[in-house]
Each structure stands twice: as C-alpha cells, then as structure tokens.
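> Before we start, here is the structure in question, set down as structure tokens.
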Amino acid sequence: MNNFYPIPTKCKLCIVSVLLFLLAGNIIARAQQSTLKGKVTDDHEKGIPNASINIKGSVQTFLTDSSGGYTLELKPGKFILQVSAANYFSIERLVTVLPGQTNVAGFPLKLASNQLKEVVIKGYKSIKGMGYLNETHDNVIYSAQKNEVLVLDSIDANTAQDNPRQTLGRVPGSNYSETEGSGFPSNGIGFRGLNPTQSIETNTRQNGYNIAGDIYGYPESYYLPPLEAIERVEVIRGASALQFGPQFGGVVDYIVKNGTEDKPFEYTTDFTTGSFGLINVFNSVSGTINKWHYYAFIEGEYQKGWRQNSQVEQGTGFARLEYRANDKFKIGVEYSALRNLLHLPGGLDDAEFNQNPNQSFRERNWLVTPWNIIALTSEYKPSDKTTLTFKSALNLSSRSIVWRNEDGGPQTPDSISTVTNSYIPREVEHEYFRNSTTEIRMLSNYKIGGRAQTLGAGLRFYDGWMERQEGGVGSADIGPDFTDYSGTYDNDLKFTTINVAPFVENIFHVGGRLSIVPGFRFEYIRSTATGHVLDSTGTYNINVNEAKSRFIPLAGLGLQYKTSKTTNLYANISQAYRPIEYSFLYPMGLDVDAKIDPNLKDITGYNVDLGWRGHIKDYLTFDVSGFFMAFNHTIAIETINPGTNATYFETNVGDATHIGLESYVELNVTKLFSGDPHTGSISFFNSFAYDQAKYINGLYKGNYAEFAPPTIERFGITYALNRFSTTFLFSNTAKSYTDANNTVFSPDAEVGVMPAYTVMDWSSTLKINNYHIKFGINNLTNERYFTLRTVEYPGPGIIPSIGRSFYVGFGASF
C-alpha cells in the first residue's frame, strides 16, 4: 500500500519563510570592524585547542580552533582579554585594536603542573566528571539545548564491565536495561521514562555517526565501544530531534580517545580481572607523524557469567587514520569491529527469581554478533568563519540466534524428551544489516548589526536494508550451531528504508545576553517490506509486498539567556516523531507471545525543556530543569485476559504525557571552604529525576506509562588525595510497570511490576606516574533486583541483574 501525506500550502509557505529568514542573516550588510587574530600556545609554542578567550566586562566567550588560533572582529579601541585553558595558568592582557587593519596578539600560557586536571576540558565546563557543552561544539549548535557531557577519565568507574550506573548514571533520569546478567553485555539506556531496552528510544552514535542496527526500522544497539577507549560521552535531549533525527529519547554519542598528539608512538594497556571469571584485556596504540595521526585499540573479554549458562566471549577493535593537511582541511577513515559469542540463560518467573535469581533453565540458547562499521570523516574550513564537516558510516553486520526459548514460558525447562530421549531441535534465526548514513553539516558565523550570529545547516541521507530469517530448524545439540538444517525459513522478510532529511538552525544573539534559536527539519522516509511469513495456523505462507512513504516537517524554537558569564537560563520546544519499527510490523520469532495490531499508527509528539545551569568558580556545577513530553499514539503491550491464559497485544494504547523535574548538583566542598589540599578534597554529586508519566486518554487513562519509574535518585561522594581517588555511589530507582494495564503479577512473568531497588557501588583509582590501578565492588549489598521483563528475547520472563562482584585492574602507558 502507498500512503502519501501532502504538506498543506500554508505549511509550505511557512517553511519557505523560515528558511528565507534564517538565510537572510548571512547577507545583511556588516558594520566596519577591525580584526584581531593570533594564537594561544604552550611552553613549546604548540597551539592549545579550545582555549577560552573572554573580553573583560562582556559575557561572550570565544574558543580557539584545533591549532590554537583565533580571529575576533572588534571595534577599534582598548580591551582586556582574559585567556585560560585546562591545566594552564590563566592570564590577562591589555590589547589595543587599531582601525582599518589586522591586529595580531599571541598568548603563551604556562602549564600549571601542580594543579588537578579537572576544571575545563575541550570546550565544556565541569568540576569532576560531568558538565555541559558550549553554544557550538564540533560543528553542531547546542545553544538552548538540554545536554550533558561525561568525562570518563575523571570518574572512578568499572569501565572494564561498562557499568552504566558509574558512568552514565550521573545523567538525571537515565534508566537502564541491565542484560549483562543474561549473557548480553550491551546494556540499554532510556531517558525520561522511555523504554531503555537495547536503547531503542535513543539515537546511539560513535564519534558523531550512527552505530545502531537500523536507525528507523530496527534502532537496537548491539555494538557499543568499550569505555576504556572513550574520552567522553555526550548526551543531548529535547531539541536534539532537529539536528540528529526525529527521535524522542535524544542522542548518546560515544567520543573515542585521540591518543597522544605530541609524539610518534604511545602504547597503553589495561588488564582487569574480577568475580565470575572476568578477564578483560585492553591495548591501544597512537601517535602523530608529520601530518598523519593514528589511534587503534583492541579489547578482549571473557566472563563465565553470574548466572548459569551466561558466559561471554567478546572481542572489539577500532582503528582511525587521519591526515591533517593544514589548519583548514583534514580527512580520516575509521573502522570498528565486534565479534562475540554469547550464551543466553533465558528468563525466570517471579517464584524462580525469588528462590534463586542466578539459576537458569536454558542451556542451548546462543547468539553471535559480527558487527562492522566503516566511517569516512572530513572537515574543511573555507574561511575563519565557516566550517564544513562530512561523516559517512557504512554498517555491514549480522546477528544469529539458535534457541529453544519460549515454549511453555520460563517455568518449563528445556529438557530431554522422554519420547525421543533427546533434545527437541532448536529454532534458528538470522538477521543481516546493510546500511549507510551520510551527514553533511555547515556551521557559519556572521554578523547582524555588528553582533555575532551562527547558522547551522545540513543534510542526512540514509539507505538501509535488512533481512530477517526466522523459523529455521536447528540442531538438537547443546552448543552454538547456527545452521538451518531444513533449508528454508518459515518467515523470510526483507526491509528497506530510504531517508532524506535537510535541517537548519540559527543562533540569533540579541544584545549581549539573549540568544534565540529557531530551527526546522524535514523528514522524507520511504519503507518497504517484501517476502513471506507463515500464517497463524502454520500451514501455508503469506506473501508480503508493502510500501509506505512519509513526509514529516519538524520545527523547534530555543531561548538562552546568560544570567552571568558562567550561568544561563535555557528553554526549548521541538517536535519529535517515531515511525513504526520492523518489529512492530511482524513479531520477532515464531513463538513470541505478543501479537501485533495490523493497524498501528506512527508515534508523534513534542518535547519542552526549561532550566537553569552553569558553574560557580571551580567548586559548583548545577543544572536544574523541568520538562514536558507529549507522546501521541503510544505503542505498548496490552494484556488480554490477565491470568493463566493471558495473551499480549502490541497496539496504540492511547496518548501519554511525561511531566518531570531533573536536577544535577556537583559540589567540591574542600574548594568551597578553601580547605587544605594537602589533606585531600571531598566532593559530591546528586542526580535526581521525577517523572509523572501517565496515559491521558483511551482505555488505560490514568495508568502509568511503561518503563517509567516516578523517581530515580543517585548520590555519589568522592575523596581525592594526590593521585588517589575513591567514590561511593548510591542509586535508587522507583517501581515501574511493563504493560499498559499496569499488571502487578502474571503467572508467566512476562509482564508485571518491576519493583523498586537500591544499589550501592564503590570504586577507586590510584595513579603513579604512567601506571594506574583500579579496584572496587559493584552492588555492595548484593541486592536482588531486575530491570527487564520480556515476552521474548532474551527471555521470556524476568532477566535478573548481577549480584555483588569485585574487580581489580592494572594499566600503564608508555
């Protein structure tokens, strides 16, 4: 079927008017200015990137480029410039700008070798671990947007096991689907009460490009880069839909380290061991030779597993080669690879979980995931005011499962048949991904009436292909044999998606404090499905040949007001959209208990943010905000005939709203009271989120939305002395539900309440010259809890989270 949604003439005129208004700013006559340019350098006369330049008495701050250079347009006169950079002593200098000529001023900074390296890092502000982005960063506009940045090297955390609480847990409202206890180490994340399972509600990226399976049809994350290789994690919510895509849940972007920049070769190594047979080895090399820079890592991980039948064998690799021709142009290529073999223990019912959460009744379920991503990136600066970036990622990956999973639910063991005296043959499933995502961005600075403005525009093109083969007849063995012995599949479907999306945003500075940021995005999506599926009686095939086109305009508006040089008020509203995924068109697997409504509608809605954020000197960082999210035509599980014969139906259950409060406060108590640094420093952070997520109409009006805990609270305290730091983390998540009925208990455990839980973690780091030691305990009190109930993979039933575990790691850099 073909469904086209023409845009009304009035909307077309509005769109054209907005675009003309945004672009007109670039051609307005500019007032006569003088130019001040130069470079901020270190003791070796090497440029310092992202150094901060502030005109004393003004709230505007400028950052140096990647080579330490800067160019300012100023009226003639005398100015005091304040220059600072992470780990360097700040300076002030009186500069005279003469009319009608280019003025040059250089700023050499001295290394503050006896200061802690934790205040300003690469264009954003933080005290210890988390901060926020400047108005523009890496060629993207962030003014007036809700965003967080986590600097992993400054956080005590179990990075070898990618513990989400200790890393991303500082982000208010971040909720996790912890599947590592069931042999699948890639934990999912969700924000503001959205489904965290496999991060399906978020746009998952690495170095700015897509790494998920299929950004529209199958947005699950099977590959995540190891946290030992990550410099920082950038999280953007609310208005992120305009520059990154139409999703509700925002963006999580993992930025891989660059390695050394000032020598031809550096080698780093980390070895971590711990409970349940954990062995993790991470090695990386990096260097700069003339105009070439490289960075590569390889990680190997083995875990016997906390639960029975949950061992993990996994290898991850990455390589980047970049050619930096000059200050204006650079080009690079990156390759990411994942190879793993996972043993999946299946789910439990409530009684089994309460009796022994680490038991398993499935020993023949296996998954293998070869993942390959090739990315080409480039940056070109045709002028000091304009930057063009190009990022294109090719995903060539697959996923295969062999399982005897769902017959009889979690209560029924996969045991040897008394009739045949052998196991029943398993089911085999294969999924293949072939897609490419290309994004071109432009960021241009210009002036209106002598005041700086910024235009950001771009285009995304996505071409996706996926094949899903289900219902193949596997072996009756125990091991990981993914062969289809029948030669055919009950379901064999091919899906394609074409997406073209231009977008534009502009920062209009009004006076010295107010910024107005309008934006617009247009989404064209063309989806097809072809192949065949087995009918519900299992007797004949149904041919499938469907197509659908969508034309989706999305608009947004942001406001930011600088209340001081280091604090600002921000507000934004932006539309969001989520098309029907492939898994909503046809069930995953033949024995899945959930049935699909054939008349599903796409999800539409919008996000609103209002907050105040900033930092006070070097002892306080804060961000306090409220949000509102409208979620129309919510797709959720509806429980039919609750009880022993319950069935599950995925359908549009109604409209929901999410109304909440998010706050993050990070305080260094020692610096606040000017304590003696020789006795160490004490700091703490508090991350709190309140979310009232309920259905406002339909059959389930007044019920809570699924996967939406009303409160999530995390409190951490850190003590640091010289090269040693240790952190205690307290995490509490309120109860939530997994279906629209708000079912408390079901005999098969596939839906029901997810009880509240409290988890405590302790982690420490000791650095001695080029060496470091990391050690700690996850889940100190051995809390029994879970974060996932599922009607299918990797269940069905309850997926328990890991109990108490220990780890210790050793690392060095040469």
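Rundown of residues vs (1) open to solvent by 10 Å² or more (accessible area, probe 1.4 Å); (2) part of a loop (DSSP other than H, G, I, E, B); (3) closer than 24 Å to N175 by Cβ, yes/no style:
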position	(1), (2), (3)
T204	no, no, yes
A212	no, yes, yes
P225	no, yes, yes
R232	yes, no, yes
G249	no, yes, yes
Y254	yes, no, yes
N258	yes, yes, no
F271	yes, no, no
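> Name the single residue that is nearest to K774 (Cα to Cα) among those in the range 686-721 being hydrophobic (A, V, I, L, M, F, W, C) and surrounded by 17 or more Cβ atoms within 10 Å (Cβ to Cβ). Working first, answer last.
Just the residues of the range 686-721 that are hydrophobic (A, V, I, L, M, F, W, C), to begin with: 688-689, 693, 696, 699, 705, 707-708, 712, 715, 717, 720-721.
In the following step, the residues that additionally are surrounded by 17 or more Cβ atoms within 10 Å (Cβ to Cβ) were identified as 688-689, 693, 705, 707-708, 712, 720.
Working: F688: 27, A689: 30, A693: 39, A705: 39, F707: 33, A708: 34, I712: 27, A720: 14 Å.
It comes out as A720.
> Let me confirm something: among A501, A476, which residue is crowded, with 17+ Cβ neighbours inside 10 Å and under 30 Å from R404 (Cβ atoms)? Steps first, please.
Working: A501 fails: under 30 Å from R404 (Cβ atoms).
None of the other options fit; the residue is A476.
> I'd like the full set of residues that are of a type outside the set (F, W, Y) and either more than 21 Å from G346 (Cβ to Cβ) or surrounded by 21 or more Cβ atoms within 10 Å (Cβ to Cβ) (or both), limited to the range 292-308. Steps first, please.
Filtering the range 292-308 for residues of a type outside the set (F, W, Y) gives 293, 296, 298-301, 303-305, 307-308.
Matches in the range 292-308: H293, A296, I298, E299, G300, E301, Q303, G305, R307.
> Could I ask something else about it? Restrict the check to the range 173-186 and report whether at least one residue is of a type in the set (F, W, Y), on the phi < 0 side of the Ramachandran plot and part of a loop (DSSP other than H, G, I, E, B). Before the answer, list the steps.
Of all residues in the range 173-186, those of a type in the set (F, W, Y) come to 176, 184.
Within this subset, residues satisfying the condition of being on the phi < 0 side of the Ramachandran plot are 176, 184.
Checking the rest, the ones that are also part of a loop (DSSP other than H, G, I, E, B) come to 184.
Checked the range 173-186: at least one residue is of a type in the set (F, W, Y), on the phi < 0 side of the Ramachandran plot and part of a loop (DSSP other than H, G, I, E, B).
> Could you tell me which residue of the range 191-200 is modelled with the lowest pLDDT, considering only residues that are crowded, with 23+ Cβ neighbours inside 10 Å and assigned to a loop (DSSP other than H, G, I, E, B)?
Within the range 191-200, the match that is modelled with the lowest pLDDT is I200.
> Which one of these does A241 not meet: (1) at pLDDT 90 or above; (2) not in a loop (DSSP other than H, G, I, E, B)?
Against the list (1) at pLDDT 90 or above; (2) not in a loop (DSSP other than H, G, I, E, B), A241 comes up short only on (1).
> Looking at the range 795-814, which of its residues are assigned to a loop (DSSP other than H, G, I, E, B) and open to solvent by 10 Å² or more (accessible area, probe 1.4 Å)? If you could, list the steps in order and put the result at the bottom.
At the first step, the residues of the range 795-814 found to be assigned to a loop (DSSP other than H, G, I, E, B) are 795-796, 801-804, 814.
Matches in the range 795-814: I802, R804, F814.
> Being within 26 Å of S574 (Cβ to Cβ), open to solvent by 10 Å² or more (accessible area, probe 1.4 Å) and among the hydrophobic types (A, V, I, L, M, F, W, C): is that true of L150 here?
Working: within 26 Å of S574 (Cβ to Cβ): yes; open to solvent by 10 Å² or more (accessible area, probe 1.4 Å): no; among the hydrophobic types (A, V, I, L, M, F, W, C): yes.
No, not satisfied.
> While we're on this one: Among the residues of the range 546-556, are any of a type outside the set (A, V, I, L, M, F, W, C), assigned to a strand (DSSP E or B) and without any contact (Cβ under 8 Å) to a residue 40 or more places away in the chain?
Taking the range 546-556 first, the residues of a type outside the set (A, V, I, L, M, F, W, C) are 546, 548-550, 553, 556.
In the following step, the residues that additionally are assigned to a strand (DSSP E or B) were identified as 546, 548-550, 553, 556.
Filter once more, keeping what is without any contact (Cβ under 8 Å) to a residue 40 or more places away in the chain: none.
Checked the range 546-556: no residue is of a type outside the set (A, V, I, L, M, F, W, C), assigned to a strand (DSSP E or B) and without any contact (Cβ under 8 Å) to a residue 40 or more places away in the chain.
> Any idea which residue in the range 777-794 is most open to solvent (accessible area, probe 1.4 Å), counting only those that are under 22 Å from G274 (Cα atoms) and assigned to a loop (DSSP other than H, G, I, E, B)? Quick ask: steps written out before the conclusion?
Initially, the range 777-794 is screened for residues under 22 Å from G274 (Cα atoms), giving 777-786.
Next, only the ones that are assigned to a loop (DSSP other than H, G, I, E, B) stay: 779-785.
Working: N779: 1, L780: 52, T781: 71, N782: 74, E783: 56, R784: 134, Y785: 10 Å².
That would be R784.
> I've got another one for you. Please indicate, with yes or no, whether at least one residue in the range 522-541 is at pLDDT below 90, in a strand (DSSP E or B) and in contact with a His (Cβ under 6 Å, 6 or more places away or on another chain).
Yes, there is a match, as at least one residue in the range 522-541 is at pLDDT below 90, in a strand (DSSP E or B) and in contact with a His (Cβ under 6 Å, 6 or more places away or on another chain).
> Inside the range 594-652, can you point out the residues that are polar (S, T, N, Q), in contact (Cβ under 8 Å) with a residue 60 or more places away in the chain and open to solvent by 20 Å² or more (accessible area, probe 1.4 Å)? Steps first, please.
Applying the first criterion (polar (S, T, N, Q)) to the range 594-652 yields 599, 604, 607, 621, 625, 632, 634, 639, 641, 644-645, 647, 651-652.
Now drop any that are not in contact (Cβ under 8 Å) with a residue 60 or more places away in the chain, which leaves 607, 621, 625, 634, 639, 644.
Residue satisfying the conditions is T644 alone.
> Of K330, K304, which residue is touching a residue at least 40 places away in the same chain (Cβ under 8 Å) and among the basic types (K, R)?
Every option except K330 fails the conditions.
> I'm checking my understanding of the structure. Among residues of the range 722-763 that are assigned to a loop (DSSP other than H, G, I, E, B) and of a type in the set (S, T, N, Q), which one is most open to solvent (accessible area, probe 1.4 Å)?
Within the range 722-763, the first condition is being assigned to a loop (DSSP other than H, G, I, E, B), and the residues that meet it are 722-723, 734-735, 738-752, 755-756.
Checking the rest, the ones that are also of a type in the set (S, T, N, Q) come to 722, 738, 741-743, 746.
On the way: N722: 128, T738: 6, N741: 44, N742: 27, T743: 19, S746: 6 Å².
Only one residue fits best here, namely N722.
> Taking the options K767, K774, name whichever one is assigned to a strand (DSSP E or B) and surrounded by fewer than 16 Cβ atoms within 10 Å (Cβ to Cβ).
Working: K774 fails: surrounded by fewer than 16 Cβ atoms within 10 Å (Cβ to Cβ).
Exactly one of K767, K774 is assigned to a strand (DSSP E or B) and surrounded by fewer than 16 Cβ atoms within 10 Å (Cβ to Cβ), namely K767.
> For a quick check of your reading of the model, give me the residue pairs whose first member lies in the range 802-814 and is under 30 Å from T758 (Cα atoms), whose second is open to solvent by 50 Å² or more (accessible area, probe 1.4 Å) and aliphatic (A, V, I, L, M), with beta-carbon atoms closer than 6 Å and at least 6 apart or on different chains.
F810/I773
> Scan the range 223-238 residue by residue and report those that are over 13 Å from the mean Cα position of the chain (by Cα) and at pLDDT 85 or above. Walk me through how you get there before you give the answer.
As a first pass, look at the range 223-238 and keep what is over 13 Å from the mean Cα position of the chain (by Cα): 226, 228-229, 231, 238.
P226, E228, A229, E231 - these are the residues of the range 223-238 that are over 13 Å from the mean Cα position of the chain (by Cα) and at pLDDT 85 or above.
> Taking the range 653-685 on its own, how many of its residues are in contact with a Phe, Trp or Tyr (Cβ under 6 Å, 6 or more places away or on another chain) and open to solvent by 60 Å² or more (accessible area, probe 1.4 Å)?
5
> If F649 satisfies every condition in (1) at pLDDT 80 or above; (2) part of a strand (DSSP E or B) but one, which is the exception?
F649 satisfies every listed condition except (1).
> So, one more: How many residues does the range 67-120 hold that are open to solvent by less than 70 Å² (accessible area, probe 1.4 Å), charged (D, E, K, R) and modelled with pLDDT under 75?
Qualifying residue count, the range 67-120: 1.
The values are calculated or read from the model by the stated rules, or taken from the named source; none is laboratory data. Predicted, not measured: the structure shown is a model, and the values here were computed from it. Backbone-built Cβ (ideal geometry, glycine too); neighbour counts: all protein chains shown. In case anyone asks, the SASA skips ligands and DNA or RNA and just uses the protein heavy atoms, side chains included. Shrake-Rupley method; radii C 1.70, N 1.55, O 1.52, S 1.80 Å.
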